[in-house]
1. Identify all residues within the range 700-721 that are of a type in the set (A, V, I, L, M) and buried (at least 17 other Cβ atoms within 10 Å of the Cβ); write none if there are none.
2. Based on what the data block shows, is ALA692 within 18 Å of the chain's Cα centre (by Cα), within 11 Å of ALA471 (Cβ to Cβ), at pLDDT 75 or above and buried (at least 24 other Cβ atoms within 10 Å of the Cβ)?
3. Condition (residue is modelled with pLDDT under 90 and in contact with a Phe, Trp or Tyr (Cβ under 9 Å, 6 or more places away or on another chain)) applied to the range 168-188: is it met by at least one residue?
4. Go through the range 285-303 and report how many residues are closer than 12 Å to VAL361 by Cα and more than 33 Å from the chain's Cα centre (by Cα).
5. Just checking, which of LEU219, LEU254 is farther than 21 Å from ALA60 by Cα, under 42 Å from the mean Cα position of the chain (by Cα) and at pLDDT 75 or above?
6. Restricting to the range 590-601, count the residues that are over 29 Å from the mean Cα position of the chain (by Cα) and of a type outside the set (Val, Ile, Thr).
7. Would you be able to say whether some residue in the range 115-133 is surrounded by fewer than 21 Cβ atoms within 10 Å (Cβ to Cβ), over 23 Å from TRP190 (Cα atoms), among the hydrophobic types (A, V, I, L, M, F, W, C) and modelled with pLDDT of 90 or more?
8. Does SER518 satisfy the criteria of being at pLDDT below 85, under 26 Å from PRO345 (Cβ atoms), part of a loop (DSSP other than H, G, I, E, B) and hydroxyl-bearing (Ser, Thr, Tyr)?
Amino acid sequence: MCRLDYRVAASLSSPSQADVDVVDDPLEFGRFTRWVSGPAGERRAESSLQLAGMHCAACAGLIENALARVDGVAAVQVSAASERASVTWDPERTRPSELIAAVRRAGYDAVPDAAAPAREMRRREARQALWRLFVAGFCAMQVMMFAWPSYVATPEELGAEMLRLLNWGSWMLTLPVMAFSATPFFAGAWRSLRSVLAGRGRLFDPRAIGMDVPVALGLLITFVASTGATFDPGGPFGREVYFDSLTMFVSFLLGARWVELKARGRAAEQLERAMARLPETAWRVGPDGAVSAVSTLRLHVGDVVRVPLGQAFPADGVLHEGRTEADESLLTGESTPVAKAEGSPVVAGSVNVGSPVLVRVERIGGDTRLEGIVSMMKSALAQRPAAARLADRWAPPFLWTVLLLAAGGAAAWSLIDPSRAVWVAVSVLIVTCPCALSLAAPATLVAAARGMAREGVLLQRLDAIEVLARARHAVFDKTGTLTEDRPTLAGVRLRPLAQPAADAATLRRHAASLAGWSQHPLSRALVAGLGEAPAGWASVREVPGAGVEGVDAQGRAWRLGSPAWAAGEGGDDAVVLACDGVAQAAFDFDETLRKGAAEAVSRLQAEGVQVTLLSGDRAARAQALAARLGIARVQAGATPEAKLAALAALQSTDGPVVMVGDGVNDAPVLARADASLAMGQGALVARAQADAVVTSSRLDDIVRARARARRAVAIVKQNLVMSAAYNATCIPLALVGWLPPWAAGLGMALSSLVVIVNAQRAAR
């Protein structure tokens with residue numbers, strides 16, 4: 001990334017408000033902000049922030065509350081699984097620096113979600129987490145060394161003075177663990193309690209209290225009781241110390257969080273790799289032909305830029321001069337380079353692999369297709385799916401139940417055996433930490449979204465994974481979805497005239513030559529079918545909606561277009577070539593099935609999914625295509641209103657319905673469907689309404705995405721069952737005194753680790 005990114009990252013390393021003012025520069029916040037329309041059509045900014053210091057869903061709630069209190073903030077979405085925040089705000093009332101300052105006042109950290117500052121923040125967080133883990137692990141080993149004699153020696157072999165000296169040594173080594181390594185647990189607990197005490201959250205609010213509360217309580221109780229036993233063995237805390245259990249517990253939990261931190265980082269790195277495809281510098285060609293190097297942020301629509309061989313295109317545009325090939329694998333998943341001629345569109349992030357060319361810029365910044373894809377992924381990763389929200393609702397009551405059980409267990413053991421009351425309460429608090437429960441759904445769904453992105457399906461809403469997995473009905477649009485959005489030439493029919501204006505070869509050449517002057521889909525299909533054929537025309541002009549007209553060397557007027565305009569006749573012919581108003585040839589076109597369409601429909605039906613073709617095209621054409629694909633249910637000639645009605649009817653009888661479309665007329669039905677997918681080459685409004693975008697435009701990728709969704713849902717269920725089974729087994733063991741604190745800490749850390757590792761299977 002550019003140097004300015006590192007400057008921003010360095011400036012954000014300090015929590016002062018003055019240090020983050022640099023992000024208020026419109027050129028800078030344009031890197032992590034896109035413009036959207038509010039409910040009344042007003043202009044709103046939607047910014048993505050990368051967060052640090054989060055450990056559970058309660059942290060997400062605290063950050064949401066902090067951001068929501070900023071004047072001008074309209075909506076906030078925070079994801080603990082991906083450590084991202086998506087904030088919609090009014091540029092007339094607030095600034096990006098105020099959003100970052102609000103997060104930092106809440107006790108967390110935030111930087112703009114651009115690659116360099118976010119990567120620097122993750123590096124700092126990872127380095128600090130590793131140091132905490134190292135200190136905890138090193139001290140735990142030394143404490144265990146001091147505690148080992150008390151486990152293996154008899155009272156006669158280990159005198160009271162020696163035991164006391166060993167306990168003092170353990171206490172000294174525990175101080176760095178409590179003061180440094182365990183700081184995240186105490187800070188998280190304090191944030192939760194402060195939110196409740198300040199009246200910003202209720203005791204049973206899902207976002208008011210988190211899992212750090214019982215962990216911090218367990219650590220404090222263990223440390224205070226062990227300290228009392230060390231310095232006053234005859235006092236109320238007895239003679240037993242638990243410094244070894246405490247330090248091991250902190251080490252286990254920090255180890256699990258380290259693994260979780262690395263898993264989150266992998267999702268962020270995929271987005272950064274996508275953004276890294278954009279060059280830092282563009283070579284802009286001035287009106288006088290002079291070439292100057294400028295930042296890609298300084299490009300404007302209409303600029304002409306030179307793109308050297310091997311460099312990525314800096315913006316969306318059209319080829320202004322030259323011919324080349326582009327590697328668009330990042331956007332489409334297709335590794336074969338795509339040929340580009342003059343006038344062909346190019347997309348930002350694709351790589352020029354043919355020859356140096358000139359490109360005219362048409363879309364820049366957040367309007368480019370690559371930025372749109374990245375924004376969709378950021379938005380999806382910032383959402384909290386329904387399964388995660390369900391776990392969040394159950395976590396707070398579960399925590400309060402744990403606190404009551406710990407208090408009840410301590411009270412009961414104070415009557416049975418007072419020397420064991422403290423560590424029974426500590427074991428209950430530690431073993432029931434709901435980390436695994438909170439991570440069960442979001443970690444899995446984020447991993448599944450990452451895997452789908454690699455296969456060419458980019459999610460805009462994580463909830464779509466659950467719907468896609470259980471949907472039993474799929475509805476497909478026809479043109480541009482099941483078929484390619486460009487027709488193909490099926491045949492040429494010469495008109496049987498007594499005195500033809502030219503021979504068959506000349507007619508074909510004239511048709512191809514005239515078609516080369518137009519960008520109409522049928523003209524492009526003619527050129528593709530007949531080949532390029534330059535011809536000498538005295539003049540050529542295109543009549544929008546009618547066709548192309550040219551005058552040859554003999555002064556004859558040739559027209560290629562609709563039958564009525566070219567030859568003054570009716571009929572079903574799509575395109576006619578006429579000379580001086582007399583039709584010479586007619587051209588037939590056919591629809592080409594999109595790659596993987598037949599396989600996708602067949603596999604969906606084999607899995608028990610009913611397939612319906614819902615099209616606005618003529619009934620004969622829709623029925624013919626359905627017969628080729630083996631689709632029994634067809635509704636043709638459907639207007640957008642009819643499509644909505646048909647979808648509603650299917651939803652009322654068949655349950656969740658998945659809709660796949662591409663056009664402007666599909667946008668309403670895509671928005672209404674339980675889960676919707678838009679083709680990557682489809683209309684912008686269709687992509688905006690869809691829950692996912694098939695950037696590869698291959699329908700078999702939808703089948704693979706559904707298989708991955710089903711696997712992800714199964715993994716979520718596995719994680720929830722494992723978390724519930726773990727708690728159901730370990731809580732009774734802790735209450736009856738069979739689970740010491742060190743074993744409780746190990747079990748809690750391992751349960752979170754198992755859930756995270758199991759969740760990563762959804763990305764493979």
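The values are calculated or read from the model by the stated rules, or taken from the named source; none is laboratory data. Quick caveat, the model's predicted, so the values are computed rather than measured. Because the Cβ atoms are built from the backbone with ideal geometry, glycine has one as well, and the counts that use them run over all protein chains shown.
1. Of the range 700-721, the ones of a type in the set (A, V, I, L, M) are 702-703, 705, 707, 709, 712-716, 720-721.
Once the filter is applied, which keeps residues that are of a type in the set (A, V, I, L, M) and buried (at least 17 other Cβ atoms within 10 Å of the Cβ), the range 700-721 yields ILE702, VAL703, ALA705, ALA709, ALA712, VAL713, ILE715, VAL716, LEU720.
2. So ALA692 fails the test.
3. No, the conditions are met nowhere in the range 168-188.
4. Summing the residues that are closer than 12 Å to VAL361 by Cα and more than 33 Å from the chain's Cα centre (by Cα) in the range 285-303 gives 1.
5. Numbers: LEU254 fails: farther than 21 Å from ALA60 by Cα.
Answer to the selection: LEU219.
6. Here is the first cut: in the range 590-601, the ones over 29 Å from the mean Cα position of the chain (by Cα) are 590-593.
Then drop every residue that is not of a type outside the set (Val, Ile, Thr), which leaves 590-591, 593.
Within the range 590-601, residues that are over 29 Å from the mean Cα position of the chain (by Cα) and of a type outside the set (Val, Ile, Thr) number 3.
7. no
8. Considered against the rule, which asks whether it is at pLDDT below 85, under 26 Å from PRO345 (Cβ atoms), part of a loop (DSSP other than H, G, I, E, B) and hydroxyl-bearing (Ser, Thr, Tyr), SER518 comes out as yes.
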